[in-house]
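All remarks here apply to the structure that follows.
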Amino acid sequence: MHTFTAGGKTVTVFPAAEPDAPVVYLNTFGEEGQKVFDALPADPPLTLVAISGLDWDRDMAPWDSPAVFKNAAPFSGGADDYLRLLTGEILPAAERQLTGTPRWRGIAGYSLAGLFAVYALYRTDAFTRAASVSGSLWFPGFREYVFSHTPLRRPDCVYFSLGDRESRTRNLVLQTVQENTEAICGFFREQGIRTTFQLNPGGHHDHPVERTATGIGWIKESISTQ
């Protein structure tokens, strides 16, 4: 395990035991990288790079948007700025710690970081796989953005999941999360992209580590020959 800082973020690299293993970048709300790495299946091997210390409602938000929770601050869209840091500084510094060259790169995240994982496919060609775990795909305008734009690099596969109670809320914005997720998943499938949607029991805050590990596990095993 190697830890360094870049742009005020803390980056922890959990290297695979074998050279040239794939790498997945996981943006985290707290410091759950170790728990997720420990929950991943050991085979096939994979390097996990966990980033923490994020300005959550800025770094993970694709554009400005009003607050959706009472007494919360509005979202200030800083995803593009953070993505430049991720691909320009964090990624090369992390991969200097590795043996060989990763066979492929993925990006994963939970909640707003799941939203960011999908958004990143449209703003950089650095990643070929993504896992949006309980992703905040209710984010205003995001469904329309996906339908009207093209990823910079066609992804090999994309994983989506939600808890089956996440859309059962009085919040009119959050009520759209399952409808939007299923619509975006279906849209990707229409493009011929290997995609799955998993509905888990529980709400948004249930078993985030296990759900995240499941999503990363799916994208690393989905196309195991690459």
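The values are calculated or read from the model by the stated rules, or taken from the named source; none is laboratory data. These numbers were taken from a predicted model, which means no experiment stands behind them. Cβ: placed from backbone, ideal geometry, glycine included. Neighbour counts: every protein chain shown. Accessible surface areas use protein heavy atoms only, side chains included; no ligands, DNA or RNA. Shrake-Rupley method; radii C 1.70, N 1.55, O 1.52, S 1.80 Å.
Which net charge results for the neighbourhood of Leu174, defined as the other residues with beta-carbon distances under 13 angstrom from its beta-carbon, given Lys and Arg at +1 and Asp and Glu at -1?
Details: positive: Lys70, Arg165, Arg168, Arg170; negative: Glu166, Glu179.
Computed value for this residue: +2.
How much of Leu83 can a 1.4 Å solvent probe reach, expressed as accessible area in Å² and rounded to 10?
About 10 Å², ignoring ligands and nucleic acids.
From the P(r) of region 147-226, could you give the percentage of C-alpha pairs in the tail past 21 Å? Let's see the in-between values first.
Numbers: 1130 of 3160 pairs.
That fraction is 36 percent.
Out of the total accessible area of region 1-97 (probe 1.4 Å, heavy atoms of protein only), what percent is carbon and sulfur? Mind showing how you got there, number by number?
Values: 2330 of 4640 Å².
Carbon and sulfur together cover 50 percent of it.
Please list log₁₀ I(q)/I(0) at q = 0.11 Å⁻¹ for the chain, using the Debye equation with identical point scatterers on the alpha-carbon positions.
-0.49
Roughly how big is region 167-226's charge dipole about its Cα centre, with Cβ charges of +1 (Lys, Arg) and -1 (Asp, Glu), in debye to the nearest 20?
Numbers: 6 positive and 6 negative charges, 9 e Å.
Result for region 167-226 is approximately 40 debye, rounded to the nearest 20.
Gain in length, Thr169 to Asp55, computed as 0.36 nm per residue apart minus the alpha-carbon separation, to one decimal in nm? Walk me through the numbers before you get to the answer.
Details: separation 114, 0.36 × 114 = 41.04 nm, distance 2.56 nm.
Here the segment from Thr169 to Asp55 would lengthen by 38.5 nm.
Which sequence of Phe147, Phe4, Phe116 reflects their accessible areas, 1.4 Å probe, from the largest down?
Numbers: Phe147 90, Phe4 40, Phe116 0 Å².
Final ranking, largest accessible area leading: Phe147, Phe4, Phe116.
For Glu221, tell me the accessible area in Å² from a 1.4 Å probe, rounded to the nearest 10.
That residue has around 90 Å² of solvent-accessible surface.
To the nearest 10 Å², what's Lys35's accessible area with a 1.4 Å probe?
Using a 1.4 Å probe on the heavy atoms, I get roughly 140 Å².
Please report the spacing between the Cα centers of region 1-50 and region 77-120 in Å, no decimals.
11
Between Ile107, Ile216, Ile90, where does the largest GNM mean-square fluctuation fall for the chain, given springs only between Cα atoms within less than 10 Å?
Between Ile107, Ile216, Ile90, it is Ile90 that shows the largest mean-square fluctuation.
Mind checking which lysines have their Cα closer than 26 Å to the Cα of Lys35? Skip sequence neighbours fewer than 8 apart in that chain.
Lys9, Lys220
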